[in-house]
Amino acid sequence: MYTAHFGLREAPFGITPDTSFFFTSPHSQEALNTLLIAARNGEGFIKITGEVGTGKTLLCRKFMATLGDGFVTAYIPNPNLEPRTLMLALADELEIALEKDVDQHQLLKSINVRLLDLAREDKRVLLCLDEAQAMPVESLEALRLLTNLETEKRKLLQIVLFGQPELNRKLELDAIRQLAQRITFHYHLGPLSRDDLEYYLAHRLRIAGFSGARLFSRGAVRKLFSASRGIPRLVNILAHKALMLAYGQGRQSVSAANVGAAARDTLPARRRWWPWLAGASTLAAAAGLTWVLIR
């Protein structure tokens, strides 16, 4: 790997969400502030949307890590579940012991009892659902009914939906209009700006241990922004490939040509912005290096 060559402790541009690399761009900081304010105000439903690769999962993890001891969090990464299975997943996250063949009534009663117990301990319970656009309409409605659980003072359960823009269209359906009306805080997470990208690269390199002046040339940054359109996950993939190319050429910095080669390897296979989710691709570098992207 190129880490030692560039004086890095670790690879700076992985695509696995790692909160130590969280970058407080204007968009991400505003989204995090929105989440924290809404959660501390006790709002029932909160919604965060953003295109693929804009950092919703990383934001979710940073949010949960920032909440503090007054909150109990439950996280469901793939909520494409029918209502009963979703309730069972929530019960599991809340460490509720259930009978093997528990019926629906006892399942909901057990969840309610657990939520009441946590409320007596002055704990707020917050459920975060990633990829919420994939949720069946029936499961979204089940979530709305769960937020009816409350004391005289507050809701027993707060829910944060993280999803792609398709979530907005789903919430327009007449069948779940009551849920849409309950979303009092929402934020759309956009891509990085050109200036943000410069700071983003420097931030991730610094966290990874880089102590030099400039690793990506100005031309490389311009090319990277043009190719990625500021989508953080795509920035990470292209930057990682470009570093591999520069390393293979024995260079101490990344050039625009390195980024261009990385972009040509990554982008042509699809006409969309984000083809890189399709899996691994082979980078034929001038130095004869081959890199396989491992999620």
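The values are calculated or read from the model by the stated rules, or taken from the named source; none is laboratory data. This is a predicted model, so every value here is computed, not measured. Neighbour counts run over all protein chains shown; Cβ positions are idealised from the backbone, glycine included.
Scan the stretch 31-60 residue by residue and report those that are in a helix (DSSP H, G or I), among the charged types (D, E, K, R) and farther than 18 Å from residue 75 by Cβ. 40, the sole residue that qualifies.
Step by step: first the residues of the stretch 5-30, then only those that are assigned to a loop (DSSP other than H, G, I, E, B) and among the acidic types (Asp, Glu), then the one that is nearest to residue 215 (Cα to Cα). Which residue is that? This residue is 10.
Residue check: residue 66 meets all listed conditions (1) within 28 Å of residue 177 (Cα to Cα); (2) surrounded by fewer than 22 Cβ atoms within 10 Å (Cβ to Cβ) but one, namely (1). So for the stretch 31-46 (the condition being under 30 Å from residue 211 (Cβ atoms) and either of a type outside the set (A, V, I, L, M) or free of Cβ contacts under 8 Å to residues at least 40 places away in the same chain (or both)), does at least one residue qualify? Yes, some residue in the stretch 31-46 is under 30 Å from residue 211 (Cβ atoms) and either of a type outside the set (A, V, I, L, M) or free of Cβ contacts under 8 Å to residues at least 40 places away in the same chain (or both). Among the criteria (1) touching a helix residue (DSSP H, G or I) at 6+ places or on another chain (Cβ under 9 Å); (2) within 14 Å of residue 25 (Cα to Cα), the one residue 199 does not fulfil is (1). What are the pairs, 6+ residues apart or on separate chains, where a residue within the stretch 1-17 that is outside the structural domain of residue 200 (by TED's automatic domain parsing) and farther than 20 Å from residue 54 by Cα has its Cβ under 9 Å from a residue that is charged (D, E, K, R) and modelled with pLDDT of 90 or more? Going by the 9 Å Cβ cut-off, the qualifying pairs are 3/9; 3/10. Set side by side, the residues 114, 124 differ, and just one is in contact with a Phe, Trp or Tyr (Cβ under 8 Å, 6 or more places away or on another chain) and in contact (Cβ under 8 Å) with a residue 12 or more places away in the chain, which is 124.
Would you call residue 217 touching a helix residue (DSSP H, G or I) at 6+ places or on another chain (Cβ under 7 Å), closer than 14 Å to residue 197 by Cβ and small (Gly, Ala, Ser)? The answer is yes for residue 217.
If the condition is being touching a residue at least 12 places away in the same chain (Cβ under 8 Å) and farther than 27 Å from residue 94 by Cα, then the stretch 159-186 contributes 165, 166, 168, 170, 173, 175.
Being basic (Lys, Arg) and in contact (Cβ under 8 Å) with a residue 12 or more places away in the chain is the filter here; which residues of the stretch 201-252 pass it? Those that are basic (Lys, Arg) and in contact (Cβ under 8 Å) with a residue 12 or more places away in the chain: 204, 214, 222, 223, 229, 233, 241. Can you find a residue that is modelled with pLDDT of 95 or more, within 17 Å of residue 187 (Cβ to Cβ) and of a type in the set (A, V, I, L, M) anywhere in the stretch 115-130? Yes, the stretch 115-130 contains at least one residue that is modelled with pLDDT of 95 or more, within 17 Å of residue 187 (Cβ to Cβ) and of a type in the set (A, V, I, L, M).
Is at least one residue of the stretch 231-247 at pLDDT below 95, out of contact with any Gly (no Cβ under 6 Å at 6 or more places or on another chain) and small (Gly, Ala, Ser)? No: the stretch 231-247 contains no residue that is at pLDDT below 95, out of contact with any Gly (no Cβ under 6 Å at 6 or more places or on another chain) and small (Gly, Ala, Ser). Listed by first and then second residue, the pairs linking a residue in the stretch 63-86 that is in contact (Cβ under 8 Å) with a residue 40 or more places away in the chain to a residue that is in a helix (DSSP H, G or I) and among the hydroxyl-bearing types (Ser, Thr, Tyr), with Cβ atoms under 7 Å apart and 6 or more places separating them unless they lie on different chains, are 65/19; 79/139; 81/139; 82/139; 83/139; 86/139.
Do we have residue 206 as loosely packed, with under 14 Cβ neighbours inside 10 Å, part of a helix (DSSP H, G or I), modelled with pLDDT of 95 or more and basic (Lys, Arg) here? For residue 206, the condition - loosely packed, with under 14 Cβ neighbours inside 10 Å, part of a helix (DSSP H, G or I), modelled with pLDDT of 95 or more and basic (Lys, Arg) - is met. With respect to residue 23, determine if the residue is in contact (Cβ under 8 Å) with a residue 24 or more places away in the chain, touching a His at 6+ places or on another chain (Cβ under 7 Å) and either more than 21 Å from residue 167 (Cα to Cα) or not hydroxyl-bearing (Ser, Thr, Tyr) (or both). So residue 23 fits the description; yes. Of all residues in the stretch 153-179, which are farther than 17 Å from residue 35 by Cα, in contact with a strand residue (DSSP E or B) (Cβ under 9 Å, 6 or more places away or on another chain) and of a type in the set (A, V, I, L, M, F, W, C)? Across the stretch 153-179, the qualifying residues are 156, 167, 171, 179.
Residues of the stretch 233-264 that are among the basic types (Lys, Arg) and over 25 Å from residue 59 (Cβ atoms): 251, 264.
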